[in-house]
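All remarks here apply to the structure that follows.
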């Protein structure tokens, strides 16, 4: 069972697929928008169909990275199995999570419920039947809601339903994002002191001592097998 | 004047036997053997040019002594590994490591921050995780933190289908440094495993060989990449293969290693364990699994070359090693450029103090919320 967890922690835990997804979403949006314009089609005229083409584009880009259970027909909803989490990617309705018009979606939204409706998604939907049984969840449902303004991705919110002791909330992936790059080894720089590994470089002393020394077998030859080279830092 | 050892090195890199190579350059096998074993043999100009032509190395390569030779180590290799493959790999390793040693003479590199610590592999792995500053969850990138503690990571531009990796402590004037050599073409998950396995050898063992030390290095690698505490919390009871593929994406390890962890965590019976492996075999994925984990590239070797030779270091590196520029390009391609430094998006609830944040999203929200 998944313990309650902070949404930021969840997002960072599944950063790899989320990162890919956001990039592909932005790219797919741009490409499909340009394709529509090139064909003389206004994407805004049928936003639902346009969202579907973007979805297909994203799916095509994600396919090489997907585990088998995420493989679906090209026009299927974007639904990813991310270990303990199930993630659905949905185009926003009125800037927020779409209403649960289908049984499947209702079921998905309710995966996390503990006797109450989750995410406040269903409260205004009259068709929802609240199940009596209270279950502890085995999996966690996540919903990534996106929206666009023309070719630009303007909304990417990750929703996590409430649990018993954890309030439901959403995380704004576009705003709360930082790209962290490993520093480029600032300590690797020219050594003008002349204290480099010159003995090894000459190939006459240390390096030579190692040649033909087959006493240290195995994958790893230990440092202590060489005379005079036992002082590790 | 040429060096016989260089002729041997170039021949082995070519993957030719003495008889084969002697035939190529118009010498007898005995003549070639003598040439290779003499320190500074005399040779006719025609033979010299023939050697250079057939090996593809410039003449000046043969006119300088070799240095920084790696000790004779046993490869962690597939069963199909032949002597000729081993010699070729070792020759290539020596070629590249020689330039590493020469550059290390002129460039400061991270201080070695690890030392052999024979002991329980699991405990050593946990301590090593702490040393690297790794989070409790998946290791997003193993290569960079390992390089930061002074491990020399070298990836060779030769295929990894036959070879896995090897490691050794190399002597140096600042003290010994750990060296791990890997090969191009190794799948990303296997590459990470190989590096972790070799780290286990470097920390736990002082040479030697045998099944027991291999097992210990595997135990170390498993605990380093997939800590049992996290596995016990995450692997479901009686997992399906599909669940393990999903975990593979997150943890950057092979499904097969996850199956082993599932058994160690008590999530599968022996029967289920065998069944899962049968399923992997039935898919033909014992040697190469689907859904590739991205390969991690080491950085420091290329960075050293950039420090010495500028942003396009291939010409300088080829001059340093006595190589062709094409070979220098092949070697450099195995290492990350500055723009290929590992990057990942993090989601922050507040403006967290990441010192290495290079970009904060500051897009004005224009959502059509009601």
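A few remarks follow.
- Highest average packing first - B:264-272, A:19-27, Cβ atoms within 10 Å: A:19-27, B:264-272
- Residue ranges A:172-180, B:244-252, B:56-64, B:280-288 sort as B:244-252, A:172-180, B:56-64, B:280-288 when ordered by packing (mean number of other C-beta atoms within 10 Å per residue, highest first).
- Between residue B:38 and residue A:60, the C-beta separation translates, for a Förster distance of 45 Å, into a calculated FRET efficiency of about 0.15.
- Spacing of the modelled spin labels on residue B:272 and residue B:123, each 7 Å from Cα toward Cβ, amounts to 3.1 nm.
- Three-way shape call for segment B:280-350 based on the alpha-carbon gyration tensor, with the a/c threshold at 1.5: oblate
- Gyration tensor (alpha-carbon) shape descriptor, segment B:60-218, a/c threshold 1.5: oblate
- Value of relative contact order over segment B:137-221, rounded to a whole percent, pairs C-alpha under 8 Å and six or more apart: 26
- Per-residue shielding of B:107-117, expressed as the average number of other chain Cβ atoms within 10 Å of the residue Cβ, stands at 4.
- For segment B:121-177: rounded, prolate or oblate by the Cα gyration tensor [a/c cutoff 1.5]: oblate
- Residue-averaged beta-carbon neighbours from other chains (10 angstrom radius) around B:299-305: 3
- For residue B:29 and residue A:190, the FRET efficiency from 1/(1 + (r/R0)^6), where r spans their Cβ atoms and R0 equals 51 Å, is about 0.65.
- Choice from B:109, B:307, B:158 showing the highest fluctuation, given a GNM over chain B with Cα pairs closer than 10 Å: B:307
- Over chain B: helical MRE at 222 nm, DSSP H runs n ≥ 4 each giving -39500 (n - 2.57), nearest 500: -15000 deg cm²/dmol
- For chain B, a Gaussian network of Cα nodes joined below 10 Å ranks B:205, B:163, B:197 by mean-square fluctuation, and the top entry is B:205.
- Here segment B:30-184 carries DSSP beta bridges of which approximately 55% are antiparallel, counting only pairs with both residues inside.
- Shielding by partners for peptide A:9-18, expressed as the average number of C-beta atoms from other protein chains within 10 Å of each residue's C-beta, is 5.
- Packing here is the average count of other Cβ atoms within 10 Å per residue, and on that basis the peptides B:293-303, B:25-35, highest first, run B:293-303, B:25-35.
- Once the Cα gyration tensor of segment B:220-355 is diagonalised, semi-axes √(5λ) in Å: 40, 22, 12
Coordinate-derived values only; no laboratory data. All values reported here derive from a predicted model rather than from experimental measurement. Positions of Cβ are backbone-derived with ideal geometry, glycine not excepted, and every protein chain shown enters the neighbour counts.
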